[in-house]
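Chemist: Before I ask anything, here is the structure I am working with.
The values are calculated or read from the model by the stated rules, or taken from the named source; none is laboratory data. What you see is a predicted model; the values in this text were computed from it and never measured. Virtual Cβ from ideal backbone geometry, glycine too; neighbours counted across all protein chains shown.
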């Protein structure tokens, strides 16, 4: 079969939009029909740095930033920026003539979605959060297909063709086993493993609570603490002051960040995390009961809403950031790992939510919109 299909992919600003977009890029690169993929994004954002890992993909820059929320001079400056980015995106569409366009939302997607609508080019959107963003709300009525990561998004977005797929995740989450992950991290197979993470930036609230209970937890489980790159030295210094022997404890692993998140997640039995959409999808795909501490200042308060939905479905426990102290966190961890019935119930509930492979379904749907 000849390679004759060209795609535009867009999504950026935050990891929650970027990583799902590049998961679809990876799938399309392996597809026998794919001739060329172009990624539309901002060169000053993370999507540009990640695109360097895909030499087959050509990056097409648009100069667009987040929309100011108030009618200030900055808003009018942004409006001019959006109009300019719109015409740039329109020029790309006419020059490269993609067969289909796929976006995962965020302000970076706005110019290409508006341009596609203006010249009647088919596009599909995927919204990654339980609370759809502004771009998704604007784009949904005219999209050929609207894919959502959370079922309740169906009640918010207006579309005649909306599909609950879940968020796409990388292939490794379907192929790496718990045994392989533990071997990779040198963790004994029979251990109970607790993983506390706050993303690449870390989560100070989670770090602060974990520092105080790390020694105690290590007596009943193997504990992985991902501090975040910017917090690593501070966490290590504080740990050294209250528990100088922590580096010799074979039940403790403190790391700034894991480039391959699949390994600590697959190795674990329980996870403590923020409630970003990508993290939640990966946690669910690893069949992990979780304690969620949503970031209280997330846009549109979407992390709290994500966490509430997970709690309502019986797969997570909810802990407010302001209440995430060592006592509350320790009680919740103990509640999960010492009660086999709770653990099994949460795992059963997770199995009802996880999709076999959302990326495969999304690619099939994307190919179906071609004119």
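Chemist: Looking at (1) assigned to a loop (DSSP other than H, G, I, E, B); (2) closer than 19 Å to residue 110 by Cα; (3) free of Cβ contacts under 8 Å to residues at least 40 places away in the same chain, which one does residue 55 not meet, given that it meets all the others?
Modeler: Unmet condition: (2).
Chemist: Just to be sure, is residue 178 modelled with pLDDT of 95 or more and in the same structural domain as residue 272 (by TED's automatic domain parsing)?
Modeler: yes
Chemist: Can you say whether residue 101 is under 22 Å from residue 121 (Cβ atoms), in contact with a helix residue (DSSP H, G or I) (Cβ under 6 Å, 6 or more places away or on another chain), at pLDDT 95 or above and not assigned by TED's automatic domain parsing to the domain that holds residue 295, as far as the supplied structure shows? Break it down into steps so the answer makes sense when it comes.
Modeler: On the way: under 22 Å from residue 121 (Cβ atoms): yes; in contact with a helix residue (DSSP H, G or I) (Cβ under 6 Å, 6 or more places away or on another chain): yes; at pLDDT 95 or above: yes; not assigned by TED's automatic domain parsing to the domain that holds residue 295: yes.
Yes.
Chemist: Quickly run through segment 311-332 and pick out the residues that are part of a helix (DSSP H, G or I) and surrounded by fewer than 24 Cβ atoms within 10 Å (Cβ to Cβ).
Modeler: 311, 312, 321, 322, 323, 326, 327, 328, 330, 331, 332
Chemist: Continuing with this model, one more query. Quick check on my filter: what residues within segment 245-264 are in a helix (DSSP H, G or I), farther than 21 Å from residue 204 by Cβ and in contact with a helix residue (DSSP H, G or I) (Cβ under 6 Å, 6 or more places away or on another chain)? If you could, list the steps in order and put the result at the bottom.
Modeler: Kept after step one, since they are in a helix (DSSP H, G or I), are these residues of segment 245-264: 245-248, 262-264.
Imposing the further condition that a residue be farther than 21 Å from residue 204 by Cβ reduces the set to 245, 247-248, 262-263.
262, 263, listed by residue number.
Chemist: Something else about it: When you go through 162, 156, 194, 145 one by one, which is the residue that is surrounded by fewer than 17 Cβ atoms within 10 Å (Cβ to Cβ) and within 23 Å of the chain's Cα centre (by Cα)?
Modeler: 156
Chemist: Okay, next question. Just to check your reading of the model, which residue among 66, 16, 12 is outside the structural domain of residue 279 (by TED's automatic domain parsing), part of a loop (DSSP other than H, G, I, E, B), buried (at least 19 other Cβ atoms within 10 Å of the Cβ) and modelled with pLDDT under 95? It would help to see each step written out before you state the result.
Modeler: Values: 66 fails: buried (at least 19 other Cβ atoms within 10 Å of the Cβ); 16 fails: part of a loop (DSSP other than H, G, I, E, B).
On inspection, the qualifying residue turns out to be 12.
Chemist: For residue 308, all conditions in the list (1) closer than 15 Å to residue 194 by Cα; (2) touching a strand residue (DSSP E or B) at 6+ places or on another chain (Cβ under 9 Å); (3) assigned to a helix (DSSP H, G or I) hold save one; what is the number of the exception?
Modeler: (1)
Chemist: I'm trying to understand the selection: among the residues of segment 237-283, which are within 14 Å of the chain's Cα centre (by Cα) and farther than 17 Å from residue 227 by Cα?
Modeler: Residues satisfying the conditions are 277, 278, 280, 281, 282, 283.
Chemist: Does segment 182-190 contain at least one residue that is outside the structural domain of residue 120 (by TED's automatic domain parsing), surrounded by fewer than 16 Cβ atoms within 10 Å (Cβ to Cβ) and touching a strand residue (DSSP E or B) at 6+ places or on another chain (Cβ under 8 Å)?
Modeler: Within segment 182-190, one or more residues are outside the structural domain of residue 120 (by TED's automatic domain parsing), surrounded by fewer than 16 Cβ atoms within 10 Å (Cβ to Cβ) and touching a strand residue (DSSP E or B) at 6+ places or on another chain (Cβ under 8 Å).
Chemist: Can you tell me how many residues in segment 189-210 are over 15 Å from residue 292 (Cα atoms), free of Cβ contacts under 8 Å to residues at least 60 places away in the same chain and in contact with a helix residue (DSSP H, G or I) (Cβ under 7 Å, 6 or more places away or on another chain)?
Modeler: Count: 2.
Chemist: Looking at the structure I just gave you, is residue 167 in contact with a helix residue (DSSP H, G or I) (Cβ under 9 Å, 6 or more places away or on another chain), in a helix (DSSP H, G or I) and closer than 22 Å to residue 284 by Cβ?
Modeler: Answer is no for this residue.
Chemist: Is segment 137-155 home to any residue that is assigned by TED's automatic domain parsing to the domain that holds residue 243, in contact with a strand residue (DSSP E or B) (Cβ under 9 Å, 6 or more places away or on another chain), part of a loop (DSSP other than H, G, I, E, B) and touching a residue at least 40 places away in the same chain (Cβ under 8 Å)?
Modeler: No.
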